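J.: There's a structure below that I have some questions on.
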Amino acid sequence: MSTKTPAAPAASQELARKAPRSSKSKKFFRKVEPYIWIAPSIILMAIFIVTPIVKVFQLSMSKVTRAGLVKGYNNFENFSKVLKSPAFALVLKNTIVWTIAVVVISTVLGFMLALVLNNKFRGRKVARAIVVFPWATTLVIQASAWNFIINKDYGTLNTLLMKIGLISAPVNWTPTPGAYFAWEIACGIFVTIPFVTFCVLSGLQSIDASYYEAATVDGAGYFQKLFSITLPLVKSSLTVATVLNIIYVFNSFPIIWTMTKGDPANHTDTLVTYLYKLAFYNGKQGEASAVSVIGFLILLVCASVYMIYTLRKGDDDL
């Protein structure tokens with residue numbers, strides 16, 4: 001009498017041999033899976049970010065003709081020419097003033113505006129939509145509008161002030177390069193406030209109302225709540241907004257270029273507009289690359305300070 005029962009143990013043994021292999025492959029895939037998902041981002045960053053940075057560093061230490069041909073390395077000669085240029089010190093000072101003024105003032109005003117928009121009042125949604133407009137409009141349009149507003153001959157600012165009787169004749173609002181630069185800073189503040197406002201507003205809306213209720217019961221006033229509850233809890237959002245603003249404002253090109261193109265004589269130039277002139281107006285691509293590297297190193301220091309700060313504070317403050 002024949003039977004096929006011995007085949008069952010053989011099949012179970014085969015499955016037992018395959019099971020470890022299957023579990024090993026699953027474990028391997030779980031380890032590799034995150035890298036598979038981030039691989040496209042890494043590839044794109046390598047192509048569009050890392051490669052240009054390497055190319056700029058290469059050009060900054062090379063002799064480049066006006067036609068853009070690289071004629072070999074010249075060590076740090078481009079950096080030496082840039083640092084010895086009398087215009088560079090002025091441009092660097094302008095960049096620092098531009099960045100600090102726009103970031104600090106827009107952060108303070110954006111924080112105050114966020115506190116207002118966080119309250120409940122009629123028309124709050126409309127007010128929030130209006131605040132977005134300057135941020136949603138391109139910087140070239142914003143700068144062109146500000147140029148039109150402050151124009152002496154046909155500017156709307158003079159027209160408005162004359163109609164309400166505050167002035168009797170058109171006023172020249174840009175008598176000096178410093179005055180024009182101040183108006184550029186005002187434009188930069190105006191377009192930066194919405195970003196800070198909504199970063200802070202997102203942090204304010206995540207605060208549990210029970211904190212304020214408990215503080216009210218304890219007899220805390222408005223400013224006590226502000227400095228003891230609001231500021232500590234929105235500090236992470238405010239820090240991220242500030243760091244991003246420093247990077248964006250430092251690299252801002254459209255406002256300066258649209259309003260003055262850095263004139264007269266580099267008095268309203270920043271590093272970004274200055275290197276653009278060096279590269280495409282004067283044909284000094286090597287020196288322009290050196291200016292770009294200097295700006296990159298300055299921003300790298302700022303980013304490093306932020307990273308060290310956040311790592312010391314721990315994951316809870318990120």
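The values are calculated or read from the model by the stated rules, or taken from the named source; none is laboratory data. As the structure is a prediction and not an experimental result, all values here were calculated from the model. Heads up, the Cβs are rebuilt from the backbone with ideal geometry, glycines too, and the neighbour counts pull from every protein chain shown. With ligands, DNA and RNA removed, areas are computed over all heavy atoms of the protein, side chains included. Shrake-Rupley method; radii C 1.70, N 1.55, O 1.52, S 1.80 Å.
J.: Output the number of residues of segment 151-181 satisfying the condition of being of a type in the set (A, V, I, L, M), part of a helix (DSSP H, G or I) and more than 29 Å from SER252 (Cα to Cα). Steps first, answer last, please.
T.: So in segment 151-181, the residues of a type in the set (A, V, I, L, M) come out as 157, 160-162, 164, 166-167, 169, 171, 179.
Still in the running and part of a helix (DSSP H, G or I): 157, 160-162, 179.
Then keep just the ones that are more than 29 Å from SER252 (Cα to Cα); that gives 160-162.
Here the count works out to 3.
J.: Is it fair to say VAL91 is within 30 Å of LEU233 (Cβ to Cβ), surrounded by 13 or more Cβ atoms within 10 Å (Cβ to Cβ) and either hydrophobic (A, V, I, L, M, F, W, C) or touching a residue at least 12 places away in the same chain (Cβ under 8 Å) (or both)?
T.: On the way: within 30 Å of LEU233 (Cβ to Cβ): no; surrounded by 13 or more Cβ atoms within 10 Å (Cβ to Cβ): yes; either hydrophobic (A, V, I, L, M, F, W, C) or touching a residue at least 12 places away in the same chain (Cβ under 8 Å) (or both): yes.
Taking the combined requirement at face value, the residue does not satisfy it.
J.: Something else: Among the residues of segment 278-297, how many are assigned to a helix (DSSP H, G or I) and open to solvent by less than 60 Å² (accessible area, probe 1.4 Å)?
T.: First, the residues of segment 278-297 that are assigned to a helix (DSSP H, G or I): 278-280, 285-297.
Keeping just the survivors that are open to solvent by less than 60 Å² (accessible area, probe 1.4 Å) gives 278-279, 285-295.
Total meeting the criteria: 13.
J.: Is it the case, given these coordinates, that LEU275 is open to solvent by 80 Å² or more (accessible area, probe 1.4 Å), among the aliphatic types (A, V, I, L, M) and assigned to a helix (DSSP H, G or I)? Break it down into steps so the answer makes sense when it comes.
T.: On the way: open to solvent by 80 Å² or more (accessible area, probe 1.4 Å): no; among the aliphatic types (A, V, I, L, M): yes; assigned to a helix (DSSP H, G or I): yes.
Criteria not met by LEU275.
J.: Name the residues in segment 118-139 that are out of contact with any helix residue (DSSP H, G or I) (no Cβ under 7 Å at 6 or more places or on another chain) and over 25 Å from ALA209 (Cα atoms), would you? Let's see the steps before the verdict.
T.: Keep residues of segment 118-139 that are out of contact with any helix residue (DSSP H, G or I) (no Cβ under 7 Å at 6 or more places or on another chain), which gives 119-123, 125-126, 129-130, 133, 136-138.
Answer for segment 118-139, where residues must be out of contact with any helix residue (DSSP H, G or I) (no Cβ under 7 Å at 6 or more places or on another chain) and over 25 Å from ALA209 (Cα atoms): ILE130, PHE133, ALA136, THR137, THR138.
J.: Specify which of the listed residues (GLY110, GLY165) is over 25 Å from THR273 (Cα atoms) and buried (at least 18 other Cβ atoms within 10 Å of the Cβ).
T.: GLY110
J.: For segment 176-195, which residues satisfy the criterion of being buried (at least 21 other Cβ atoms within 10 Å of the Cβ) and free of Cβ contacts under 8 Å to residues at least 12 places away in the same chain?
T.: none
J.: What's the number of the condition ALA303 fails, among (1) in contact with a Lys or Arg (Cβ under 9 Å, 6 or more places away or on another chain); (2) among the small types (Gly, Ala, Ser); (3) in a helix (DSSP H, G or I)?
T.: In the conditions (1) in contact with a Lys or Arg (Cβ under 9 Å, 6 or more places away or on another chain); (2) among the small types (Gly, Ala, Ser); (3) in a helix (DSSP H, G or I), ALA303 misses (1) alone.
J.: Among the residues of segment 196-232, write down those that are surrounded by fewer than 17 Cβ atoms within 10 Å (Cβ to Cβ) and within 24 Å of LYS125 (Cβ to Cβ).
T.: Answer for segment 196-232, where residues must be surrounded by fewer than 17 Cβ atoms within 10 Å (Cβ to Cβ) and within 24 Å of LYS125 (Cβ to Cβ): SER202, GLN205, SER206, ILE207, ASP208, ALA209, TYR212.
J.: Have a look at ASN245, ASN266, ASN251 and point out the one that is within 23 Å of PHE88 (Cβ to Cβ) and surrounded by 17 or more Cβ atoms within 10 Å (Cβ to Cβ).
T.: Residue meeting the stated conditions: ASN266.
J.: Evaluate the following for VAL132: is it among the hydrophobic types (A, V, I, L, M, F, W, C), open to solvent by less than 70 Å² (accessible area, probe 1.4 Å), under 24 Å from ALA241 (Cβ atoms) and in a helix (DSSP H, G or I)? Even if it seems obvious, please write down each step before you answer.
T.: Values: among the hydrophobic types (A, V, I, L, M, F, W, C): yes; open to solvent by less than 70 Å² (accessible area, probe 1.4 Å): yes; under 24 Å from ALA241 (Cβ atoms): yes; in a helix (DSSP H, G or I): yes.
Taking the combined requirement at face value, the residue satisfies it.
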